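Reading through the C-alpha cells given below for one structure.
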Amino acid sequence: MIFENCIGNNLLDQMVERENIGKTLSEKESALIFKQIISAITYLHSKKIVYGDLKPENILFLKKSLDSQIKLIDLSPCQYLPNIKNRKLHRVVGTAMYMAPEMILKDYNHFCDIWSAGVILYMMLSGVSPFLGISDNDIKESILKRKYDFHSSGKLNKFILRKNKHKYINLIFKNKYIDWENISYEAKDLIKKMLCSVEKRITIEQIYKHPWIVHQAPNDQNRIVFNNLKVMKSFAALNKFQKIVILILASRLKDEEINDLKIIFNSIDTNHDGALNLDEFREALKSDIHMTKDLDIDYLFKCIDVNESGYIDYSEFLAATFDRKRFLTEEKLTEIFKIFDLNGDGTICLSELNKQMNLTAKYETSIIEEDFKKADKNNDIRVDYNEFLYMMKKK
C-alpha cells in the first residue's frame, strides 16, 4: 500500500520542539490545527468509524510548517460501529494518556474520540498533559476521577519521553511554569466540555459552533463563484465517461496542487460531514447573485454528483473545480488510459470500463454504453488510445 510522504513532524514532536525553546503553541495555531483534527474525526464518524487512539503521535504534518495540512495515521485501532447511538464497543484500543473514562471501563462509542481531542487541545495550549502518572494504572485512575485543572503551576517541566515496548506510554514533567491565566476563557470552556462525562460531552457539531473555534479559526470566504463557477459549468457539460476520467485524474493530484480547493470545500461543507448537500451548495453560490441569477443550481449540482449519491463528495468537488487546462496533459491521460486498459492490449473495452469503475453499483450502464460508443469512432467495440485522447481533448 502506498501512502503520502509527510515530511513534517508529528504533533508531539512539534510541541516538544516548542517546549525546547520555552514556548507553547499559540491559541491561533492550536485552533487551526485542532479544527483539522476535528474535521478528520468528523469524516471517520460520518462513515460510522470510531478512531479509538487519537494522539499527537498519530497526527502528521504534510509539510514542515505549522500551517500545513495534517494527516491521521495508524488506522489499525479503528472500529466500525454501525449504530453509534444504541451500540457500544468493548475492546480497549487506545493509549492510556488519551483514553476516555468509558474506554477504560470497556463500554464506549464515538464520543471517546472527542475526549481524546480534548486531551490534545489541553496539551497544545499548556505543553503538559491533563492526566499524569508514573504508570498506565496511575494515569487511568486520574482519568476515571476526571482529575485535572487550569491552575498555573511551577511544578512541571519539559517533555521527557519514556518508551516501553517501542511505543510512548507516558509523559513526565518537572519544574515547568504553566500559565493558564493567559489562556482565554473560551479555550478552557471548550476543554471542559470535552473532558467531562460522556452524557454531558459536547458533540462534534457543537465544537464547530463553539466561540473559541469560531473566533480563532473562522471559515474562509466562499470563493467558489469567483474562481470556479466557469470550470464547474464546463465539467457539468461532459459526458459520464469523461467525468470518470477527470475524477481519476483529480484523485492523483498532489496536496499542494489542490490546497486552495480543499480550503474552499471545507468552508462550504458547513456541517463538516465530508460532502456537500444541495443546501450547502446553494448557499455557497449565493455569494454573487449577478453571476448566478440565470443558473439552474439544482441541475449543476446533479451534474457534479457523478455517482448520483445525492451529495457532492470531496473527489467530485475536486474533479469539477480543478484547473483542467493546467493538469489535463497527455502524460496524465496516458497514465489514466493504462488504468482502464486492464489487459494491456492498448485498448479499452466496455467490460474493462465497468470493472474498473464498479459501474453496476454506481451508474446507469446504458448511459455509460452510449458514451462509450460515441468515443469508439471506428466502431470496433473498443476505445483505442487515439480515440481516448480525442474524447478527452474535444471541447
For this session: Name the single residue, out of those in region 104-121 being part of a helix (DSSP H, G or I) and under 10 Å from V198 (Cβ atoms), that is nearest to the chain's Cα centre (by Cα).
Result: I114
Exercise. Residues of region 343-358 being touching an Asp or Glu at 6+ places or on another chain (Cβ under 8 Å) and modelled with pLDDT of 90 or more, which ones?
Worked result: N343, G346, T347, I348
Seminar exercise, completed: D279 vs (1) buried (at least 17 other Cβ atoms within 10 Å of the Cβ); (2) at pLDDT 85 or above; (3) of a type in the set (D, E, K, R): all pass except (1)
Exercise. Which of (1) out of contact with any Gly (no Cβ under 7 Å at 6 or more places or on another chain); (2) at pLDDT below 90; (3) not in a loop (DSSP other than H, G, I, E, B) is the odd one out, the single condition Y43 does not satisfy?
Worked result: (1)
For this session: Could you tell me which numbered condition D107 fails, if it satisfies all but one of (1) at pLDDT 90 or above; (2) in contact with a strand residue (DSSP E or B) (Cβ under 6 Å, 6 or more places away or on another chain); (3) more than 26 Å from I183 (Cβ to Cβ)?
Result: (2)
For this session: Restricting attention to region 47-68, report how many residues are under 22 Å from W115 (Cα atoms) and assigned to a loop (DSSP other than H, G, I, E, B).
Result: 7
Problem set entry | Candidate set: region 359-377, residues that are outside any helix (DSSP H, G or I) and modelled with pLDDT of 90 or more; chosen: the one surrounded by the most Cβ atoms within 10 Å (Cβ to Cβ) | D376
For this session: Name every residue in region 326-358 that is loosely packed, with under 15 Cβ neighbours inside 10 Å and acidic (D, E), in order of residue number.
Result: E330, E331, E335, D345
Exercise. Taking region 46-78 as the region of interest, how many residues are more than 19 Å from K262 (Cβ to Cβ) and crowded, with 16+ Cβ neighbours inside 10 Å?
Worked result: 12
Problem set entry | Residues located in region 236-269, provided they are of a type in the set (K, R) and either touching a Lys or Arg at 6+ places or on another chain (Cβ under 6 Å) or farther than 22 Å from F337 by Cβ (or both) | K262
Exercise. How many residues are modelled with pLDDT of 90 or more, within 25 Å of Q36 (Cα to Cα) and exposed (fewer than 15 other Cβ atoms within 10 Å of the Cβ) when one looks only at region 235-276?
Worked result: 0
For this session: Please state which of the following conditions L105 fails to meet, knowing it meets all the rest: (1) closer than 24 Å to K147 by Cα; (2) of a type outside the set (D, E, K, R); (3) in contact (Cβ under 8 Å) with a residue 40 or more places away in the chain.
Result: (3)
Problem set entry | Count of region 338-355 residues which are out of contact with any strand residue (DSSP E or B) (no Cβ under 7 Å at 6 or more places or on another chain) and either over 17 Å from D376 (Cα atoms) or part of a helix (DSSP H, G or I) (or both) | 11
For this session: Could you grab the pairs with beta carbons closer than 8 Å, sequence gap of 6+ or different chains, first residue in region 234-251 and at negative phi, second one among the hydroxyl-bearing types (S, T, Y) and surrounded by fewer than 18 Cβ atoms within 10 Å (Cβ to Cβ)?
Result: A236/Y299; L247/S315; A250/S315; S251/S315
Exercise. Consider C6 against the criteria (1) in the same structural domain as P101 (by TED's automatic domain parsing); (2) at negative phi; (3) surrounded by 14 or more Cβ atoms within 10 Å (Cβ to Cβ); (4) touching a residue at least 12 places away in the same chain (Cβ under 8 Å): it satisfies all of them except one. Which criterion is unmet?
Worked result: (1)
Problem set entry | Given (1) in contact with a Phe, Trp or Tyr (Cβ under 7 Å, 6 or more places away or on another chain); (2) at pLDDT below 95; (3) surrounded by 19 or more Cβ atoms within 10 Å (Cβ to Cβ), index of the condition S116 fails | (2)
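The values are calculated or read from the model by the stated rules, or taken from the named source; none is laboratory data. Values in this document were obtained by computation on a predicted structure and should not be read as measured data. So basically every Cβ, Gly included, is an ideal-geometry build from the backbone, and we count neighbours across all protein chains shown.
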